[in-house]
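The values are calculated or read from the model by the stated rules, or taken from the named source; none is laboratory data. Please read these numbers as outputs of a predicted model, since none were measured by experiment. Note that each Cβ is placed from the backbone with ideal geometry, even for glycine, and that neighbours are counted across all protein chains shown. In case anyone asks, the SASA skips ligands and DNA or RNA and just uses the protein heavy atoms, side chains included. Shrake-Rupley method; radii C 1.70, N 1.55, O 1.52, S 1.80 Å.
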Amino acid sequence: MKKINPTQTKAWKALQAHFEKVKDLQMKNLFADAGRAEAFTLKWDDFLVDYSKNRMTAETKSLLLDLAEEMNLEEARAAYFGGAEINETEGRAVMHTALRQPKDAHVSIDGEDVIPEVNDVKEKIKGFCDTVISGSHKGYTGKAITDVVNIGIGGSDLGPVMVAEALAYYHNHLNVHFISNVDGDHVHESLKSLNPETTLFVIVSKTFTTQETLSNANTARKWFLDKVAGAASEGEAVAKHFVAVSTNEEAVKDFGIDPNNVFTMWDWVGGRFSLWSSVGLSIALAVGYSNFESMLAGAHKADGHFKNANLGENIPVMMALTTVWYNNFFGAESEAIIPYTQYLHRFPAYLQQAIMESNGKSVDRNGKHVDYQTGQIVWGEPGTNSQHAFFQLIHQGTKIIPTHFIGYKHSLHGDTDHHNKLMANFFAQTEALMNGKTEAEAREELQSSGMDSDAIEKLVPFKVFDGNKPTTTLLIDKLTPESLGALIALYEHKIFTEGILWNIYSYDQWGVELGKQLAKNVLNDLNSDQVAAHDASTTQLIKAFKS
Ligand code: F6P
């Protein structure tokens with residue numbers, strides 16, 4: 001991968017000069033060009049991505065593509081799919097894409113074809129899911145499993161819970177629960193309603209060293225064994241009710257989980273990109289293995305699109321370039337993701353980890369501090385709820401917040417009345433954000449309401465919408481396991497592309513370590529009579545807590 005400062009490229013300098021010329025352009029005027037909507041729309045599979053309501057011209061697009069070329073995006077993309085060690089700081093390849101390859105594919109990492117091993121694990125997941133779903137896997141009192149509890153955090157929670165919620169329509173009879181926070185109230189509240197005889201715990205931790213997950217797993221095991229007491233042998237009961245997903249088989253064994261109940265994964269799968277691996281076990285349990293596999297197939301299709309489509313017709317590439325345009329030239333700090341389906345209510349939270357843990361970096365690939373902005377802040381909630389919450393700020397606030405609208409042509413329950421209302425809002429919001437409302441329009445509206453002119457003049461300034469707020473619309477046919485897999489994969493590749501453009505390493509996460517280390521020291525303080533040396537504020541807070 002090229003390790004150059006993007007701001008030193010010819011394209012960046014050209015973009016800077018171009019920005020000065022176009023920064024005040026009104027998007028709505030750009031639509032005088034009758035071909036604009038089509039020219040700034042990408043159609044692929046069941047996806048239509050309309051990025052025409054962005055503050056960019058054909059020249060902007062062409063200069064952004066020049067930047068991609070100068071940053072050697074195509075070469076980097078080949079290295080990514082080819083199993084090169086692009087996660088250099090951890091000495092690993094980044095190959096979650098291998099998990100969604102067809103059975104007969106060949107993907108080599110360190111000279112070894114990993115697909116046979118991936119297939120074996122998938123077979124194991126399939127076999128296990130079939131026995132649990134069919135009820136032939138029995139608990140310690142001979143009853144079938146009714147509830148599955150995923151215990152994990154970060155990538156071992158956010159992906160599975162997001163997908164489990166997104167595919168709720170496809171769920172079978174199993175109830176799936178997710179425990180992540182080390183907050184004891186989370187685990188105890190969740191256990192409260194569960195029956196140990198019919199509950200399966202899936203402990204998910206790539207490293208099996210994560211404090212939150214191990215604490216919750218220990219608490220769950222203790223709760224379980226208290227209930228089992230005397231009714232069965234502890235070992236046999238645990239074997240029926242506890243399985244683990246991890247790369248660390250030794251630690252899993254030490255925890256007391258039968259090695260046969262371990263679903264392995266690999267260090268070339270990053271935590272936040274791991275829902276395609278056995279980390280997705282609770283997804284496969286909830287929706288059945290064939291739906292899980294359809295999700296993988298959808299992601300694989302999207303991999304093909306990203307890998308093969310020309311950069312200018314490539315959804316992840318154009319989404320990433322649009323992000324760079326706003327982040328680095330307009331100074332936009334954040335990006336909102338608004339899915340117009342309640343099923344995707346955890347998608348923004350999932351993307352927060354995927355995007356911000358990946359691209360929240362301030363050191364470039366040469367180990368030097370960057371002198372430009374990198375990872376954008378990502379946030380969001382489903383529409384239309386978000387319209388009644390924070391859309392005020394997007395419409396009339398002082399910040400520029402490029403917003404992604406994600407919506408579906410068809411609803412799952414087929415209620416056209418509701419769906420048309422939902423989608424009317426979806427389309428109207430992007431229209432309103434772009435067009436705004438002029439002073440003259442606001443005045444006319446108030447006049448026609450019969451208001452007297454003094455009152456109108458007082459109110460008019462507050463009724464004006466500047467408009468020119470950028471949006472990108474993803475219109476997808478239907479929320480299916482396949483289209484969900486594709487949607488997630490498209491965003492994954494957007495993350496990769498941004499990392500290449502910003503010359504940073506997207507696949508490590510050293511920034512989460514310091515807090516973990518210090519928490520260990522503080523925990524010693526909380527569990528003893530001493531308070532070690534901290535800054536005065538921290539010492540004061542710890543003492544107040546203990547008092
Ligand atoms: O918070 C850092 C992190 O390492 C994430 O990257 C990861 O997804 C999460 O912790 C959980 O890690 P593990 O699966 O090893 O428990």
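Leaving out same-chain residues fewer than 8 places away, which lysines sit with a Cα under 21 Å from that of Lys368?
Counting by Cα, and skipping residues close in sequence, Lys368 has these lysines nearby: Lys2, Lys3, Lys10, Lys13.
Pairs of Cα atoms under 8 Å, at least six residues apart: use those to get the relative contact order of region 40-170, whole percent. Each step should come with its number before you reach the end.
Values: 75 pairs, mean separation 11.1, N = 131.
Computed over region 40-170, the figure is 8 percent.
On average over all directions, what projected area in square nanometres does region 103-292 have, based on the convex hull of its Cα atoms?
Values: hull surface 41.6 nm².
Quarter of the Cα hull surface area: 10.4 nm².
Using only Cα atoms, locate the centre of region 280-305 and the centre of region 219-246, then give the distance between them in Å, rounded to an integer.
About 30 Å separates the Cα centre of region 280-305 from the one of region 219-246.
Which pairs, out of Lys23/Lys361; Lys124/Lys520; Lys399/Lys494; Lys227/Lys543; Lys103/Lys138; Lys494/Lys516, put more than 32 Å between their alpha-carbon atoms?
Table pairs above 32 Å Cα-Cα are Lys124/Lys520; Lys227/Lys543.
Any idea what the alpha-carbon Rg over 2.2 N^0.38 Å comes to for region 276-334? Can you show the working numbers first?
Details: Rg = 16.5 Å, N = 59, 2.2 N^0.38 = 10.4 Å.
Cα-based Rg divided by the globular estimate yields 1.59.
Determine how large the accessible area of Trp223 is when every protein chain is in place; take a 1.4 Å probe and give Å² rounded to the nearest 10.
We get 40 Å² for Trp223.
If you count only protein heavy atoms with a 1.4 Å probe, what accessible area per residue comes out for the chain, rounded to a whole Å²? Spell out each step's value before the answer.
Working: 23600 Å² over 547 residues.
I get 43 Å² per residue for this part.
Projecting each Cα onto the charge dipole of the chain (Lys/Arg +1, Asp/Glu -1 at the beta carbon, about the Cα centre), which of Tyr170, Gly142, Val118 comes out farthest on the positive side?
Tyr170
Report the extension gain between Lys124 and Ala309 in nm, rounded to one decimal, defined as 0.36 nm multiplied by the number of residues separating them, less their alpha carbon distance. Each step should come with its number before you reach the end.
Working: separation 185, 0.36 × 185 = 66.60 nm, distance 3.42 nm.
In short, 63.2 nm is gained.
Sticking with the crude label model, points 7 Å out along Cα→Cβ, report the distance from Glu189 to Ser362 in nm, one decimal please.
Those two pseudo-labels are separated by 3.4 nm.
What order do you get for 243-252, 453-462 when each peptide is scored by the mean count of other beta carbon atoms within 10 Å, highest first?
Numbers: 243-252: 20.9, 453-462: 11.4.
Top of the packing list down: 243-252, 453-462.
Mind pulling the angle between the C-alpha long axis of helix 453-463 and the longest principal axis of the chain? Nearest 10 degrees, somewhere in 0 to 90.
50
Hey, with R₀ at 22 Å, roughly what FRET efficiency would Gln26 and Lys399 work out to, going by the Cβ-Cβ distance, to 0.05? Kindly include the intermediate steps, with their values, before the conclusion.
Numbers: r = 18 Å, r/R0 = 0.83.
According to the calculation, E is roughly 0.75.
Could you work out Rg/(2.2 N^0.38 Å) for region 420-513, with Rg from alpha carbons only?
1.77
Using only the alpha carbons, work out the radius of gyration and Dmax of the chain in angstrom.
That works out to 25.6, 84 Å for Rg and Dmax.
Which aspartates and glutamates have a Cα lying under 13 Å from the Cα of Lys126, excluding residues fewer than 8 positions away in the same chain?
Glu293
Tell me, rounded to the nearest percent, the portion of alpha carbon pairs in region 322-454 spaced more than 24 Å apart.
Details: 4002 of 8778 pairs.
Result: 46 percent of Cα pairs exceed 24 Å.
Can you tell me the orientation of helix 439-448 relative to the chain, as the angle in degrees between its alpha-carbon axis and the longest Cα principal axis, to the nearest 10?
90
Can you give the relative contact order of region 103-292 as a percent, counting alpha carbon pairs under 8 Å and 6+ residues apart? Could you put the intermediate results ahead of the total?
Numbers: 320 pairs, mean separation 54.5, N = 190.
Relative contact order here is 29 percent.
How large, in percent, is the carbon and sulfur part of the accessible surface of the chain at a probe radius of 1.4 Å?
After summing per-atom areas, the C and S share lands at 50 percent.
Multiplying the sequence separation of Asp477 and Val460 by 0.36 nm and subtracting their Cα-Cα distance, what value in nm do you get? Present the calculation step by step, with values, prior to reporting the outcome.
Values: separation 17, 0.36 × 17 = 6.12 nm, distance 4.05 nm.
Length gained, Asp477 through Val460: 2.1 nm.
So what is the relative contact order of the chain, in percent, for Cα pairs below 8 Å that sit 6 or more residues apart?
18
Give the whole-number value, in cubic angstrom per residue, of the convex hull volume spanned by the C-alpha atoms of region 310-349.
Spread over its residues, the Cα hull of region 310-349 gives 88 Å³ apiece.
Where does the chain land at 222 nm, in deg cm²/dmol rounded to the nearest 500, when only DSSP H runs of n ≥ 4 count, each adding -39500 (n - 2.57), divided by all residues?
-14000 deg cm²/dmol
Which of the aspartates and glutamates could be linked to Lys240 by a straight reach, that is with a Cα gap under 12 Å, when you skip same-chain ones fewer than 8 residues away?
Within the straight-line limit of under 12 Å, Lys240 reaches these aspartates and glutamates: Glu197, Asp258.
Any idea what angle helix 289-308 forms with the longest principal axis of the chain, computed on alpha-carbon atoms, 0 to 90 degrees, nearest 10?
Between helix and principal axis, roughly 40 degrees.
Which whole-angstrom value gives the distance between the alpha carbon centres of region 140-168 and region 445-492?
35
Which order do Met27, Met451 take when ranked by solvent-accessible area (1.4 Å probe, heavy atoms of all protein chains), largest first?
Per-residue accessible area, sorted high to low, gives Met451, Met27.
Find how much the distance from Ala37 to Gln8 grows on full extension, using 0.36 nm per residue of separation minus their present alpha carbon separation; answer in nm with one decimal.
Roughly 7.2 nm would be gained on extension.
Give, as a single signed number, the net charge of other residues whose beta carbon lies under 14 Å from the beta carbon of Lys458, with Lys and Arg counted +1 and Asp and Glu -1.
So the surrounding residues net to -2.
Would you list the P(r) distribution for region 1-151, with all Cα-Cα distances sorted into 10 Å bins from 0 and each bin expressed as a whole %?
9, 20, 21, 21, 16, 10, 3, 0
Can you compute the FRET efficiency between Thr89 and Ser453 using 1/(1 + (r/R0)^6), with r the Cβ-Cβ distance and R0 = 56 Å? Round to the nearest 0.05.
Computed FRET efficiency for Thr89 and Ser453 comes out at 0.30.
Using packing as a proxy for protection, rank 525-532, 118-125 so that the peptide with the highest average count of other Cβ atoms within 10 Å comes first.
Ranked by mean Cβ neighbours within 10 Å, highest first: 118-125, 525-532.
When the convex hull of the Cα atoms of region 44-116 is projected onto a plane and the area is averaged over all directions, what value comes out in nm²?
Working: hull surface 30.0 nm².
So the Cα hull casts an average projection of 7.5 nm².
Compute the Cα gyration tensor for region 224-314, then decide on rounded, prolate or oblate, letting a ≥ b ≥ c be the square roots of its eigenvalues: rounded whenever a/c is under 1.5, prolate when a/b is larger than b/c in the other cases, and oblate in all that remain.
In terms of gyration-tensor shape, prolate.
Could you tell me whether region 1-85 comes out rounded, prolate or oblate from its Cα gyration tensor? Rule is a ≥ b ≥ c as square roots of the eigenvalues, rounded for a/c under 1.5, then prolate if a/b exceeds b/c, otherwise oblate.
Values: a/c = 3.71, a/b = 1.36, b/c = 2.73.
Oblate, because a/c is 1.5 or more while a/b does not exceed b/c.
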